[in-house]
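Inspection log for the structure reproduced underneath, given as structure tokens.
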Amino acid sequence: MNGSGKVALNAGIEKAWDVLLDPQALKNCIMGCTKLEPVGENKYEAVLSIGIAAVKGKYESTIEISDIQKPNHYKLIVKGEGGPGSVKATGSVDLIPIDENTTELQYTYDAEVGGKVAMVGQRMLNGVAKLIIQDFFKKFNKELDKSEQSV
């Protein structure tokens, strides 16, 4: 399963970059994330409780950020296992400045699922992935707004 998209962020590139790499902001943005703790440089252990269709369940995960090119690009590697199955995903994030208060975030991802989750069908999984991504960016723009208010 793979996909791509883009979203306009209500922040300049430096602010968007800082919030994208803030573990607390990420925890707040990732659907069902109940734990996000550092276990090394740019590597985290996470617990995700997702309640969508056949993907519903608790996943023990690792999230790693690599190929960092501040403030424009990084790769995200996610590996998770739980009762419903497993997921291994790689995503690329690219930030493109539009003006001093707006940044375009472009993303691509490639994910493999196994176990019971893999049996639900590609169409349903693509729908769930889009829902999770939309939820992330809705929450992420709120995190950007919060970071602006705290300045």
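The values are calculated or read from the model by the stated rules, or taken from the named source; none is laboratory data. A quick note: this is a predicted structure, and the numbers were derived from the prediction, not measured. So basically every Cβ, Gly included, is an ideal-geometry build from the backbone, and we count neighbours across all protein chains shown. For accessibility, only protein heavy atoms count, side chains too; no ligands or nucleic acids. Shrake-Rupley method; radii C 1.70, N 1.55, O 1.52, S 1.80 Å.
Here are some notes:
- Summed residue charge, Cβ within 11 Å of TYR74's Cβ, Lys/Arg positive, Asp/Glu negative: -1
- Longest segment of the chain lacking GluC sites (Glu not before Pro) that sit in a DSSP loop with at most 16 other Cβ atoms within 10 Å: 42-99
- Cβ-based net charge around LYS6, under 12 Å, with every Lys or Arg adding one and every Asp or Glu removing one: -2
- For the cross-link pairs LYS43/LYS79; LYS88/LYS142; LYS58/LYS88; LYS116/LYS138; LYS15/LYS130, the ones whose C-alpha atoms lie over 18 Å apart are LYS88/LYS142; LYS116/LYS138; LYS15/LYS130.
- Prolate/oblate/rounded call for segment 1-62, Cα gyration tensor, a/c under 1.5 rounded: oblate
- Computed over the chain, the per-residue total of -39500 (n - 2.57) for DSSP H runs of n ≥ 4 gives a 222 nm mean residue ellipticity of -9000 deg cm²/dmol, rounded to 500.
- Accessible area per residue (1.4 Å probe, heavy atoms of protein chains only) ranks ILE132, ILE50 as ILE132, ILE50, with the largest value leading.
- Computed over segment 77-136: relative contact order in percent, which uses C-alpha pairs under 8 Å that are six or more apart: 29
- The chain - percent of accessible surface contributed by carbon and sulfur, probe 1.4 Å: 50
- Mean accessible surface per residue for the chain, computed with a 1.4 Å probe while every protein chain stays in place, in Å²: 56
- Springs between Cα atoms under 10 Å define the GNM used for the chain, and in it the highest mean-square fluctuation of ASP94, ASP22, ASP110 occurs at ASP22.
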